[in-house]
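The values are calculated or read from the model by the stated rules, or taken from the named source; none is laboratory data. On a predicted model such as this, the values are computed, not experimentally measured, just so you know. As a convention, Cβ positions derive from the backbone with ideal geometry for all residues, glycine included, and neighbour counts pool all protein chains shown. Note: accessible area is taken over every heavy atom of the protein model, side chains too, but ligands, DNA and RNA are not part of it. Shrake-Rupley method; radii C 1.70, N 1.55, O 1.52, S 1.80 Å.
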Amino acid sequence: MKQINVVGIGPGAWDKMTVEAAEALQSSDTIIGYTVYIDLVRDHLPGKEFLSTPMRKEVDRCVLAFEEAEKDKRVSMICSGDAGVYGMAGLMYEVGERYPEVSLKIIPGVTAALGGAAVLGAPLIHDFCLISLSDLLTPMDKIEKRLAAAGEADFAIVLYNPQSRKRSDYLQKACDILLQYRKENTVCGIVENIGREGESMKILTLRELRDTPVNMFTTVFIGNSQTKIVNGHMVTPRGYRNV
């Protein structure tokens, strides 16, 4: 049976990719993905065929992968981070219903929440949730309800897609919602360009975060009521000392 690998390539750097993911790409004939992600791996994979589509052409990208696999090519569809976390795995299964002769193998990767957490210290040691602030596929009122629920439940929170040109105030809105449940001095962190050139991090308060400029390459971490700064790092205790 023909097979497509759906590969999470991690945050960006080749050495932050799993061994399984690297081996899958090295054994592929054709690698398909969003243009930015193709550029992250191209130099490490000489001799491969690379096919890409721009943003918002995700369905076309999936169809392309299945069509190439039907030509008996060894195909990998790549996603940044993990293919199953805001990645292409789900859509590949949906589109794949039209191609019953092609199976899928999902190969996990390091999502930005985990890569960024390692840069900041240990902010996700206890229960946490991921919320994307992009309203391209999710209505903003639903995003706001999720933010409020996470704030009330005292989850540590990771925010993906915190800002864009059209959504310049979405992080401010998110902080305003969370400030209804969190103190202004709640420990937060931001990491930009995780695992890529120009990686940077900053620890700040929730009040400071509200007015901090970010971009689509920034991952935002908002601590819970127990999160603290330990030796310059963001740490959420799990409570071992209380056992």
## Note on the structure
The answer for region 113-189, accessible area per residue at 1.4 Å probe in Å², is 50 Å²
#### Entry: Stokes-Einstein D in µm²/s, Kirkwood radius over Cα pairs - region 199-243 at 37 °C with 0.692 mPa s viscosity
266 µm²/s
### Query
Of Y99, Y37, which has the most accessible area with a 1.4 Å probe, and how do the rest follow in descending order?
Y37, Y99
### Query
Which whole-Hz ³J(HN,Hα) couplings does region 104-117 yield from phi under the Karplus relation 6.51 cos²θ - 1.76 cosθ + 1.60, θ = phi - 60°, glycine and proline marked x?
10, 10, 8, 10, x, x, 7, 6, 4, 4, 7, x, x, 4
### Task
For region 163-243, state which GluC sites (Glu not before Pro) are in a DSSP loop and have at most 16 other beta carbons lying within 10 Å of their beta carbon.
E184, E197
### Task
For each pair in K48/K105; K142/K202; K202/K228, compute the distance between the two Cα atoms and list the pairs where it is over 24 Å.
K142/K202
### Message
Suppose every Lys and Arg Cβ carries +1 and every Asp and Glu Cβ carries -1, with no other charges. What dipole size does region 39-124 come out with about its Cα centre, to the nearest 20 debye?
### Response
160 debye
### Task
Report the equivalent ellipsoid semi-axes for region 21-72 in whole Å, largest first, defined as the square roots of five times the eigenvalues of the gyration tensor built from alpha carbon atoms.
18, 15, 8
### Query
Size of the dipole of the chain about the Cα centre, Lys and Arg at +1 and Asp and Glu at -1 on the beta carbon, nothing else charged, in debye to 20?
580 debye
### Message
Is there a quick way to get the dipole size of region 69-109? I mean about its Cα centre, with the Cβ of Lys and Arg at +1 and of Asp and Glu at -1; what is the value in debye to the nearest 20?
### Response
160 debye
### Query
Rule-of-thumb check for region 75-150: C-alpha Rg over 2.2 N^0.38 Å?
1.37
### Task
Please work out the C-alpha center-to-center distance from region 172-220 to region 42-92 and express it in whole Å.
31 Å
### Task
Over all alpha-carbon pairs of the chain, lay out the pair-distance distribution in 5 Å bins, whole %, shortest bin first.
1, 6, 13, 17, 17, 14, 12, 9, 6, 3, 1, 0
### Query
Among V214, V59, V19, V110, what's the order by accessible area (1.4 angstrom probe), most exposed first?
V19, V59, V110, V214
#### Entry: Using alpha carbons only: equivalent-ellipsoid semi-axes of region 57-194, gyration tensor based, whole Å
34, 17, 13
### Message
How much of the pair distance distribution for region 138-243 lies past 19 Å, counting alpha-carbon pairs only, in percent?
### Response
43 percent
### Query
Using a 1.4 Å probe on the protein chains only, how many percent of the accessible area of the chain belongs to carbon and sulfur?
49 percent
### Task
Compute the Rg to Rh ratio over region 39-122 from the alpha carbon atoms, using the Kirkwood formula for Rh, and round to two decimal places.
1.01
### Query
Once Lys and Arg get +1 and Asp and Glu get -1 on their Cβ, which of V19, P100, Y37 lies farthest toward the positive end of the dipole of region 19-107?
Y37
### Residue-level accessible surface for F155, protein heavy atoms, 1.4 Å, Å²
70 Å²
### Message
Can you give me the accessible area per residue for region 48-94, using a 1.4 Å probe, in Å²?
### Response
49 Å²
### Task
Report the residue, chosen from T227, T35, T186, that carries the largest GNM mean-square fluctuation when the chain is represented by alpha-carbon nodes joined by springs under 10 Å.
T35
### Task
Report ³J(HN,Hα) in whole Hz for each residue of region 125-140, in order, from the Karplus equation J = 6.51 cos²θ - 1.76 cosθ + 1.60 where θ = phi - 60°; Gly and Pro get x.
5, 9, 3, 8, 9, 10, 9, 8, 8, 6, 9, 5, 10, 10, x, 5
### Query
Taking the chain as a Gaussian network, where each spring joins two C-alpha atoms under 10 Å apart, which residue of N231, N193, N215 fluctuates the most?
N231
